[in-house]
Amino acid sequence: MIRIVNGNARGKHPQAIDEMFRLRKRVFHDFLKWDVRTEGNWEIDHYDKANPLYVMSYSPETGKLRGSLRLLPTLGPNMLDDTFPVLLGGNPEIRSASVWESSRFCIDPDISQDRSSNQVTVAAAELMCGVGELGLASGISHIVTVTDVFLERMFRRMGCPGERIAEPHRIGNVHAVAVAWEVSRSLLQRMMAVAAIEGSVLERPMSLETARAA
């Protein structure tokens, strides 16, 4: 199940927000060793002050948070244009009402290391399907992201390869790349088929606009 919380309302959902920021620290700081900002047990940055939407995947069996990502409109502060413009490869900044950015995509490391199950694909696909449903309900055209080449391969296996905006560039200890996905019904259906997902993954129907205003 996908639950959506907007940044301005995070005080209304303290447990969900705490679990998400803790998960981000476990993944990006502790596990991947990225150079990210932390506050206690949280990984949090200034983009979290820009009223993002937090997309969170919960296990239907345990109710435990198993993955999350962050969505921001490219008309405002976003990581690709403002922090990693080198990944645009000389292309113009992406500032459009029809394009949103996904960032901080992460899956619980306990799931990631369980090679005997398909939980990674299911959790990851559920997150991406949630973004796809939101995008379709909102009439946007594309989702862009900054990721590494390892996750880029995982997205391909999930049936959502996307298109590189430019060639990868080494940033810190990873080969990072900017990827764009066209929001379409066919892409959503392909991801659902790969992960054997039936029906909507969202807790309740909504668009980006209604979610951000909630």
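Could you work out the relative contact order of the stretch 2-213? I mean the mean sequence separation of Cα pairs under 8 Å and 6+ apart, divided by the number of residues, in percent.
Numbers: 373 pairs, mean separation 45.2, N = 212.
Computed over the stretch 2-213, the figure is 21 percent.
What residues have an amide H closer than 5 Å to that of ILE165, excluding those fewer than 5 places away on the same chain, when H is modeled at 1.01 Å from N in the peptide plane?
It is ALA178, VAL179, ALA180, by chain and number.
Kindly list the residues of the stretch 120-152 that lie in the label zone of ARG170, defined by a backbone N under 17 Å from the point 7 Å along the Cα-to-C-beta vector.
148-150
Calculate the FRET efficiency for HIS46 and SER96 from the Cβ-Cβ distance with a Förster distance of 30 Å, rounded to the nearest 0.05.
Working from the Cβ atoms, E equals 0.85.
If you only keep lysine pairs separated by 8 or more in sequence, or across chains, how many in the stretch 2-213 come under 20 Å at the Cα atoms?
5
Ranked from highest to lowest mean number of other Cβ atoms within 10 Å per residue, what is the order of the peptides 39-46, 58-65, 135-142?
The most tightly packed comes first, giving 135-142, 39-46, 58-65.
Could you tell me the calculated FRET efficiency between GLU203 and SER141, based on Cβ-Cβ distance and R0 = 30 angstrom, to the nearest 0.05?
Details: r = 25 Å, r/R0 = 0.83.
The computed FRET efficiency comes out at 0.75.
Out of these labelled values of mean projected area of the Cα convex hull in nm², [x] 11.9; [y] 18.1; [z] 10.9, which was calculated from the coordinates shown here?
Among [x] 11.9; [y] 18.1; [z] 10.9, the one derived from this structure is [z].
May I ask you to order 84-91, 207-214 by the average number of other C-beta atoms within 10 Å around their residues, highest value first?
Highest to lowest by the protection proxy: 207-214, 84-91.
Can you tell me what share of the DSSP beta bridges in the chain is antiparallel? A percent to the nearest 5 is fine.
Roughly 85 percent of the DSSP beta bridges within the chain come out antiparallel.
Please give, to one decimal in nm, the separation of the simple spin-label points placed at GLU19 and PHE150, each 7 Å out from Cα toward the Cβ.
2.5
Which ³J(HN,Hα) values, rounded to whole Hz and listed in residue order, are derived for the stretch 2-19 from phi using the Karplus coefficients 6.51, -1.76 and 1.60 in 6.51 cos²θ - 1.76 cosθ + 1.60 with θ = phi - 60°, glycine and proline given as x?
Each residue's phi maps through the Karplus curve to give 9, 10, 10, 10, 8, x, 5, 9, 5, x, 7, 10, x, 5, 4, 5, 4, 4 Hz.
Run the helix sum for the chain: -39,500 (n - 2.57) per DSSP H stretch of 4+ residues, divided by residue count, reported at 222 nm to the nearest 500 deg cm²/dmol. Kindly include the intermediate steps, with their values, before the conclusion.
Numbers: 7 runs with 64 residues, N = 214.
Per the formula, -8500 deg cm²/dmol.
Only the coordinates and a few stated rules stand behind these numbers; no lab work does. What you are looking at is a predicted structure, and each value in this text was computed from that prediction instead of being measured. Here the Cβ is made from the backbone with ideal geometry for all residues, glycine too, and neighbour counts use every protein chain on show.
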